[in-house]
1. Would you work out if segment 1-150 is rounded, prolate or oblate? Take a ≥ b ≥ c from the square roots of the eigenvalues of the alpha-carbon gyration tensor; rounded if a/c is under 1.5, else prolate when a/b is larger than b/c, oblate otherwise.
2. So, counting K/R as plus one and D/E as minus one, what does the shell of residues with Cβ under 14 Å around Val284 add up to?
3. Relative contact order for segment 24-157: what is it in percent, counting Cα pairs under 8 Å that are at least 6 residues apart?
4. What does the charge count near Ala175 come to, summing +1 for each Lys or Arg and -1 for each Asp or Glu among other residues with Cβ under 13 Å from its Cβ?
5. Near the amide H of Ile195, under 5 Å away, which other amide H atoms are found, from residues 5 or more places off or on another chain, if H is placed in the peptide plane?
6. Picking from Thr22, Ile195, Leu107, whose Cα lies most toward the positive end of the charge dipole for the chain (charges on Cβ: Lys, Arg +1; Asp, Glu -1)?
7. Between segment 22-93 and segment 135-199, what's the alpha-carbon centroid distance in Å?
8. Between Glu287 and Glu344, what is the FRET efficiency for a Förster distance of 35 Å, r being their Cβ-Cβ separation, to the nearest 0.05?
Amino acid sequence: MLDLTPKEVMARTALRINPCKTCQPVGALFCALGVRKCMPHSHGSQGCVSYHRTVLSRHFKEPAIAASSSFTEGASVFGGRSNLTTAVKNIFDMYNPDIIAVHTTCLSETIGDDLNSYIADLKIPEGKKVVHCNTPSYAGSHIMGFSNMMTGFMSYLTKKTGASNGKTAIFPGWANPGDIRQLKKICSLMNVPIIMFPDHTGVMDAPMTGKYEFYPEGGTTIPEIASLGDCKGVVALGEIASLAPAEMMKKKWEVPFVMLPQPIGVSFTDQFVMALRLVSKTEVPWELEEQRGQLVDLMIDAHQWVYGKKVAIFGDPDTVEGLTSLALEMGLVPKYVITGTPKEEFTKKINRLFSKYSVTDCKAKANSDLFELHQWIKNEPVDLLIGTTYGKQIAKAEDIPFVRAGFPVLDRYGGPLMPIFGYEGGIRMAEKIIGALMDREDRDCADEDLEIVM
Ligand code: SF4
């Protein structure tokens, strides 16, 4: 299908082809779904929110509820104040959420709607809340929208009473519910009481009970967000998504934070566990040591099938950083590492990983796209591709083994339930990577070389 992609790479500055990202409101909507009894609200036209809901529903295979200011020509010319006022009244009357989280869109940003003043003038029912953030989609990516919505919640809701709640805030960054469950499990094993924000467990992985719950019993509660200012500290995971919210906690409430990569692979999970150890001042329990040892054992056992194989990794910056670290730990050569999010910090981090593992002749690039990645692969092929569903055409066109990871994975089931975080998530990802490479070996080898015992 993509065989018409030319091999010759031409410099492009103003055009992205097959972008490796989506728009800011997708991230804002996703963040808001991780808050209990929250109705995300898109301040723009209905077409935008239809797309945003669709991409989230297709990844998680769960409903992604959201309302819209339903801009038409009038609001586009005269502003969306009356649309928002009517929408907020209707949402509280009809759907009774505890909180409405409003984000903007390209249209409302372009006409300059002032959400601060609109929301200040709203008649909000007693005990209910309305918060907002700005998510202009012509800047950043869905990861920035996620980050902006976190700071939006925090700027409206957090307080400091002066009495510590004894908890540590965990900012997971953009993560599947399976990963958030893994973080909670590790914190529980390390005996660290936490507030997870946002928390998509119980919402985007809700079980089939036979009864539809409009607001499932998951998500960070409003009192939990309010008490973030009373936390002992913040462990922020994934710099591109979580640094700005962590810095806000420090600046606003003097809550200290530690900034770590998302715990994917051995060394990044070690960093998370050691940060928790400093909080709990307890020994790392055997269960975690055992998992770590199993992951290392798996990597050593399969080393002969993996070592020196070239891999291209693409997707969201924080996830890709973790996957690159895992790949290097396994002995893979991360030949191409890209994200569509325009953050140069990403390139620096990946280059630091290349230096740490002494790999050369590898490329890292932020603000890139899948067309460019495909061209690089045409010029110098790789043995494996790791990334979202959108890499499927490249994998097919170039006949490359493909491991799905990150957001979105639209064409498979069950991924959001399973972790890539923690040692257990590392075991899962390593098993997928090793399996993909060995399947290819089995497919291509001569009949007499088809091994049964490895
Ligand atoms: S118009 Fe803007 S906000 Fe709406 S879907 Fe497109 S990029 Fe996203």
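1. Numbers: a/c = 2.42, a/b = 1.74, b/c = 1.39.
Prolate is the answer for segment 1-150, as a/c is 1.5 or above and a/b outweighs b/c.
2. Numbers: positive: Lys185, Arg277, Lys281, Arg292; negative: Asp270, Glu283, Glu287, Glu289, Glu290.
Net of charged neighbours comes to -1.
3. Values: 242 pairs, mean separation 47.2, N = 134.
Relative contact order of segment 24-157: 35 percent.
4. Details: positive: Arg181, Lys184; negative: Asp179, Asp199, Asp205, Asp316, Asp318.
Combined, the nearby Lys, Arg, Asp and Glu give -3.
5. Thr168, Ala169, Ile170
6. Of Thr22, Ile195, Leu107, it is Leu107.
7. Cα centres, segment 22-93 to segment 135-199: 21 Å.
8. Numbers: r = 39 Å, r/R0 = 1.12.
According to the calculation, E is roughly 0.35.
None of the figures in this text is laboratory data; all of them are computed from the coordinates on show. Since this is a predicted model, take the numbers as computed values, not measurements. Cβ: placed from backbone, ideal geometry, glycine included. Neighbour counts: every protein chain shown.
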